[in-house]
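Here's the structure we're looking at; comments come further down.
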Amino acid sequence: MIELREGRHGSVGGLDIVRVLPTKGRRTVGPWCFVDLMLPPDATDPDPMEVGPHPHIGLSTVTWIMEGEAIHSDSLGTIQPIRPGQLNLMTAGHGIAHAELATSRTILGVQMWLAQPEDTRHGGRAFQHVPELPVFEQPGCTGSVLVGQFAGVTSPASVDSATVGVDLDLRKGATQFVADPGFEYCVVPVTGPVLVSGHRVDPGWVALVPEGTSDISIEAGNVGSRCMLLGGSPLGERIQMWWNFVARTRDELTEAFRDWERGNDDRFPGVPSTIPRIDAPRPPWLAPG
Ligand code: MN
């Protein structure tokens, strides 16, 4: 049965966001553990998004811009502009830091995290920029495959677990997709409402599609609706998330917090960016200090 959940509105780096994952009672969809819609602000003269150096552990960031442009920089020395249609995939492993600076006034896009599995989450950091992604055409839609395999098309991006991430640009009429019954999925509308197997889903909401589903019908609620379809094998591990860290225990989160707080350059090497770094908030489970 498809479940609908409403996301929470917030702000990151001066950008309006809606966090649709994690959501109440549901932390992950396959390995996807975090999904933020990055939305153009209502203000007529907004300041560009500016997210200073901050750390990550145990996850890959999947950055997908639909309108606008930003520059990514990270601990590996990467300085990479990202534009619509291009994929940035940064893997933290034991630790990485990065910064994001918009070079356009507004950004429309999606920032997503994949939780790394046990066998890679303690490993090395990595960054992939994929300037061009494979695209498929079906009646009613054009799709770009960011990660994994979908509709007979395979992304060149390398990921750590069985997963799929697709951007669907919808026209008139429903499109029937073959789903992997071993995967769970979610549909995240970005612009315009979307009908997911008959359920209307508005931007800012997420439709959760359970394991065991063999086909999903997706239809534009408006001409020009656009959505993300994300899925994967259920994680099978209980993750702990706090701030920018994905781990398995609170002690691991505390250690990452302390390493960032004291500037451990082995774990979180410097980032080629002039934006001030972001301090970690104090974990609520630690005594005030
Ligand atoms: Mn980040």
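Worth a mention:
- Per-residue SASA entry for residue 37, accessible area with 1.4 Å probe, Å² rounded to 10: 0 Å²
- The residue among 73, 101, 220 whose Cα reaches farthest toward the positive pole of the charge dipole of the chain, with charges on the beta-carbon of Lys, Arg, Asp and Glu, is 220.
- C-alpha long axis of helix 250-261 to longest principal axis of the chain, angle in °: 60 degrees
- Each Lys and Arg adds +1 at its Cβ and each Asp and Glu adds -1 at its Cβ; summed about the Cα centre, the chain shows a dipole of about 420 debye.
- Excluding ligands, DNA and RNA, the accessible surface per residue across region 3-232 is 38 Å² with a 1.4 Å probe.
- Label-zone membership for region 5-19, site residue 50, 7 angstrom Cα→C-beta point, backbone N under 11 Å: 14
- Of the peptides 279-286, 74-81, the ranking by mean beta-carbon count within 10 Å, highest at the top, reads 74-81, 279-286.
- Residues 64, 205, sorted by accessible area with the largest first, give 205, 64 [1.4 Å probe; ligands and nucleic acids excluded].
- Within the accessible surface of region 216-283, defined with a 1.4 Å probe on protein heavy atoms only, the carbon and sulfur portion equals 43 percent.
- Ordering 286, 18, 84 by Cα displacement along the dipole of the chain toward the positive end leaves 286 in first place; charges were set at the Cβ atoms of Lys, Arg (+1) and Asp, Glu (-1).
- A Förster radius of 25 Å combined with the Cβ-Cβ distance from residue 255 to residue 12 puts the calculated FRET efficiency at roughly 0.55.
- Derived scalar couplings between HN and Hα for region 221-230 equal x, 10, 5, x, 5, 9, 8, 9, 10, 10 Hz in order, rounded to whole Hz, by the Karplus curve 6.51 cos²θ - 1.76 cosθ + 1.60 (θ = phi - 60°), x for Gly and Pro.
- Gain on full stretching of the segment that runs from residue 129 to residue 237 - 0.36 nm per residue minus C-alpha separation: 36.0 nm
- Estimated inter-spin distance, residue 174 and residue 153, nm [label 7 Å along Cα→Cβ]: 2.3 nm
- Low-density loop positions, trypsin sites (Lys or Arg not before Pro), region 1-30 - DSSP coil, at most 12 other Cβ in 10 Å: 24
- Label point at residue 211 placed 7 Å out along Cα→Cβ; residues across region 218-239 whose backbone nitrogen lies under 17 Å: 231-239
- Residue 286-residue 24 FRET efficiency (beta carbon distance; Förster radius 25 Å; 0.05 resolution): 0.45
- Here the contact order of region 27-93, divided by its residue count and restricted to Cα pairs under 8 Å and six or more residues apart, works out to 30 percent.
- For region 31-181, the fraction of 1.4 Å probe accessible surface lying on carbon and sulfur atoms is 51 percent.
The values are calculated or read from the model by the stated rules, or taken from the named source; none is laboratory data. Here the structure is a predicted model, which is why all the values come from computation and not from measurement. No Cβ is skipped: glycine too gets one built from the backbone with ideal geometry, and neighbour counts run over all protein chains shown. Each accessible area value is taken on the protein alone, full model and side chains, heavy atoms only, with ligands, DNA and RNA left out. Shrake-Rupley method; radii C 1.70, N 1.55, O 1.52, S 1.80 Å.
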